[in-house]
Amino acid sequence: MKREELFDIATNWFTGRGWKPFPFQTQTWTAFLQGKNGLLNAPTGSGKTYALWIPVILDYIKSNPNYKNKHKPGLKAIWITPLRALSTEIKQAAERVADDLETGLKVGVRTGDTSASERSKQKNKMPDLLITTPESMQLMLASKGYESVFKTCGAIIIDEWHELLGTKRGVQVELALSRLKHINPQLRIWGISATIGNLKQALEVLLGTKSPALQNSVMIRAHINKKINVISVIPEKMDTYPWRGHMGLHLVDEVANIIRKSKTTLIFCNTRSQCELWFQALLTKYPEFAGELAMHHGSIARETRQWVEQAIRDEQLRAVVCTSSLDLGVDFAPVETVVQIGGPKGVARFLQRAGRSGHQPGQESNIYFLATHAIELVEASALRRAVKETVVEDRVPYLNSWDVLIQYLVTLAVSDGFYPTDVFKEIQDTFCYQGITAAEWQFCLNFITRGSQSLQAYDEYKKVEIEADGKFKVNSKTTALRHRMQIGTIVGDSVMNVKFLGGGYIGSIEEWFVSKLSPGDIFIFAGRKLELIRIRNMEVIVRMANPGVKAVHASWMGGRLTLSSQMSELIREELYDANTESMSRELRSLEPMFTRQRKESIVPTDNQFLIETFKTREGYHAIFYPFEGRYVHEALASVMAYRISLLSPITFSLAYNDYGFELLSDKEIDMQQVLDNNLFTPLHLHTDLQQSLNATEMARRKFRDIAVIAGLVFTGYPGKNVKTKHLQSSSQLIFEVFRDYEPNNLLFQQAYRETFEHQLEEGRLILALERIQNQEVVWKQCEKPTPFSFPIITDRLRERLSSETLAERIKKMTANYMK
Amino acid sequence: MTLEIEINRNTFVLHNSGALYWTEKRMLLISDAHLGKVSHFRKYGAAIPEAVINKNFIKLDEVVNYFDPESIYFLGDLFHSELNNEWYLFQQWVEKTNIPIILIAGNHDIINPAKYCELNIQITNEWKLNGILLTHYPEIREGFFNLCGHVHPAIKLRGAGRQSLKLPCFFQSENQMILPAFGEFTGTYVIEPKEGDTVYGITKDTVLPVIITF
């Protein structure tokens, strides 16, 4: 069949539904049918699903002209989505086309939610089109005979690639693709991505750096420009604004007004605890919202979340308080308005959230911005500019993730086994492992077969065996089972399931939060007041508490966001405007705060770098304001603390936020010496970073998911308790033994590398220091904390750096248990 | 490296390894060694560094050489799990050391007692001597001072400038002393002292009394 005829089939189908294909859709169809790979840059809700399902089906029609009468068996295409919640929607879209065109193609879903019986049915007879997640994809590679299943598969589509890129799940996808490409060299690979700064690189990561697939590829952009209106919610009187905390709750009336004005409103919060707080606050003040207001975040039971999503579509809800859990995927047509509480920290995220509203063609997106403390209002006007100029961040892909490679190798060993020479060739084509050396490869092989590089006589390490013909294979059933369970484990803080005494799963909360509670304590979670009865087997048993009693809100450590470099730059520029006449509405409203700041200190201009020092009951504070975002400040704080500590023995506690950082000490810092010694130099930055204790602390945290992914920590299956008797250990403890006994282990070193590349963002750090070098340092000795310093010095999450000996420090410290 | 204290008119020496020495009885007390833990993990495919295995035996040699005791009492959790090859290392160590050993069994000690018998190690649930009661689990008993383990105690210190620090410790209350875990790769549990408790923190080279404020 000619392409024109095929296109007619598709266009007629569109016309039949009263639609007209967009140019980007037909461009994608053409490229796909030409056998090309590619990346489609299109936002959610633009029709991207049909841009790719259509050509998959047309391709089937093309090669099977007799398609209406004779069905050709076997898997034809895979659609990978990062969120299993999206699979239903994608399946419906595929079925609509496949059924209307009478192709007889069957669509199936395979995710963590798919029942065992359904999975085994699929094993016998694969659906024609399969929708799955990166984890389930790995699991399929871990089952016997996977090659014959994938042999017939002609296309694989990675949806929301921008979400996966820059994560280890993205690396999992890279590896799976490297295998599939070799099973079927005709495989077409397509990604779909929202707008990010490094789209070209996104395509390279998807297809493989040195791969022939990349040679034969295209990039298609949807170019759908929708007008986005950013509206700041500013209170009448500025002094009602807290300098920090309170989560902006004093603006609850304004939010209620916004909700009343539109059909459905999504209220985005940055953290789950903020989400809980706002939900509660709205209901307490406006009980009439009950039944029309819902909450949605990642720790709430899946069934509840699905119910909320459906209710939005069915227009049953006035408003939903949510977190990034609703950033992705499905269209919520009824949503007219979006409220962002607190700085979204990144332009891409903000745009995505704004795009959640006004889905009807021609409609504008309205997003209200609600600052949670005064300085955050600067972010609002910076964001407006970002939207106007479409400044968007990059997603930085991972390089050399040994943990994911080790997991993948065991996966292949679990199913049909592998020969190292073949797999080595395949992975060298990927972006992540393009630079792998023979020694590094050997490390990974040794790790899975011998548990380290040397082998002692009494050692009983057991995982992957090398068979007589050189095949790497897992032969133990229990090892295989444990590995399969590990693949799907979501990496994050150790979580515990919350259940009612009589059964009934409510959701999960982090262990550290639970550990602060004792039986009888009341806490608020999933919008309910719950009384803790007991904790047993990783389960938190609760009952409903009396609604009148006092309670604490559940809180989460994870999900603290940092400003992107683009955002920080915009904020700096915005703030410098505070010294000029051209102030935005937001800045003007901050005038009282600026006045107060100027009383003791200054509002810096673009050629000034501000340092403030003052003394409080807590000790001597030194605050530095680079305005570079939390992560960069975390690194800068530790480098500065380290460099100062070289001048004389001193111990610091470090705090930072998106605007600056603080070094707090029990003795005064000689700031003149800091300036005289040019401690802001970018020279020797890398060594100084490594020397600072802080890097160890960060690496320790990074090591947590490395240890889980590489199979060093035994986790049960989510929601199910698998007995791992005597095999429980924290990744922290494992980190320590590696540090003390095997510091050259690549996994241990990876934790540091990730810290430097992904967390400390060394490149950004150097740029920041170079900028500071060219600025005039303004050191203000203040009498008391300034408005700028307040959010930083009250931060309770702190790191420590010391050049005093342990014994010296212990002498000065006490075990203080005053509550 | 050590610190001498008095309990019930007996002299005890706290060692920074976590071991405790009863001078009058020339008795060495060690709790929660968790031998075999690394091998257990490795057997199940978690590649914990093998060097940790040797470290435990090096530490054991160090304290034995330092105190030259007449007997060694393990206050439970001597071996982490079921039998594995580390048992043979332990066996070699017992034969080489050639000092009477008594094991107060803990929750992890699930190896067949016959195996200990072969090494002439006596197993019991508790031991009483001169008003001192040795157990694995902490226990309060009328008329006795209890020496025990199980908890892997650690103490959290705080200082000016919002510093904090976690140290494994000996934890002494009115009629009880909980020993820190001796084994490497064992982890700790932070306990909160009450008025009247005494805490001795251990570091790589010292034992230090901790000042507790309320």
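Observations
- Test result for A:TYR408, within 26 Å of the chain's Cα centre (by Cα), crowded, with 22+ Cβ neighbours inside 10 Å, not charged (D, E, K, R) and not in a loop (DSSP other than H, G, I, E, B): yes
- When region A:751-776 is limited to residues that are assigned to a helix (DSSP H, G or I) and either over 27 Å from the mean Cα position of the chain (by Cα) or within 14 Å of another protein chain (Cβ to nearest Cβ) (or both), the one that is farthest from A:HIS633 (Cα to Cα) turns out to be A:GLN773.
- Members of region B:17-64 that are polar (S, T, N, Q), more than 11 Å from chain A (Cβ to nearest Cβ) and not in a loop (DSSP other than H, G, I, E, B): B:ASN56
- Of the helices (runs of 4 or more DSSP H) entirely within region A:66-163, those holding at least 2 residues that are among the acidic types (Asp, Glu) and at pLDDT 90 or above occupy A:87-100.
- Residue list for region A:754-791, filter: surrounded by fewer than 18 Cβ atoms within 10 Å (Cβ to Cβ), of a type in the set (D, E, K, R) and within 30 Å of A:VAL713 (Cα to Cα): A:GLU757, A:GLU762
- Candidates B:PHE79, B:PHE67 - the one that is surrounded by 22 or more Cβ atoms within 10 Å (Cβ to Cβ) and more than 9 Å from chain A (Cβ to nearest Cβ): B:PHE79
- The listed residues are B:ILE178, B:ILE132, B:ILE140, B:ILE121, and the only one of them that is touching a residue at least 24 places away in the same chain (Cβ under 8 Å), surrounded by fewer than 17 Cβ atoms within 10 Å (Cβ to Cβ) and more than 14 Å from chain A (Cβ to nearest Cβ) turns out to be B:ILE140.
- B:ILE99 falls short on exactly one of the conditions (1) part of a loop (DSSP other than H, G, I, E, B); (2) of a type in the set (A, V, I, L, M); (3) under 29 Å from B:GLU174 (Cα atoms), and that condition is (3).
- Test result for A:PRO682, within 14 Å of another protein chain (Cβ to nearest Cβ) and assigned to a loop (DSSP other than H, G, I, E, B): no
- Of the listed requirements (1) away from chain B (no Cβ under 14 Å); (2) over 24 Å from A:ILE375 (Cα atoms); (3) in contact with a helix residue (DSSP H, G or I) (Cβ under 9 Å, 6 or more places away or on another chain); (4) of a type in the set (Ser, Thr, Tyr), A:SER665 misses just one: (1).
- Residue count, region B:191-203 (criterion: closer than 23 Å to B:HIS80 by Cα and within 16 Å of the chain's Cα centre (by Cα)): 1
- Considering the conditions (1) assigned to a helix (DSSP H, G or I); (2) without any contact (Cβ under 8 Å) to a residue 24 or more places away in the chain; (3) among the acidic types (Asp, Glu), A:GLU460 is excluded by exactly one of them, (1).
- Selected residue (only one of B:ILE155, B:ILE104, B:ILE111 is under 30 Å from A:LEU654 (Cα atoms) and in contact with a strand residue (DSSP E or B) (Cβ under 8 Å, 6 or more places away or on another chain)): B:ILE155
- If you go through region B:75-93 and keep only what is farther than 25 Å from B:MET27 by Cβ and assigned to a loop (DSSP other than H, G, I, E, B), you end up with B:SER81, B:GLU82, B:LEU83, B:ASN84, B:ASN85.
- Looking only at region B:183-213, residues that are among the small types (Gly, Ala, Ser) and more than 7 Å from chain A (Cβ to nearest Cβ) come to 2 in all.
- Residues that are among the hydroxyl-bearing types (Ser, Thr, Tyr) and farther than 25 Å from A:SER564 by Cβ, drawn from region A:630-672: A:TYR642, A:SER645, A:SER648, A:THR651, A:SER653, A:SER665
- Answer residue from region B:82-118, given it is acidic (Asp, Glu) and away from chain A (no Cβ under 14 Å) and is farthest from the chain's Cα centre (by Cα) among those: B:GLU118
The values are calculated or read from the model by the stated rules, or taken from the named source; none is laboratory data. Everything numeric here is computed off the predicted structure, so don't read it as measured data. Neighbour counts run over all protein chains shown; Cβ positions are idealised from the backbone, glycine included.
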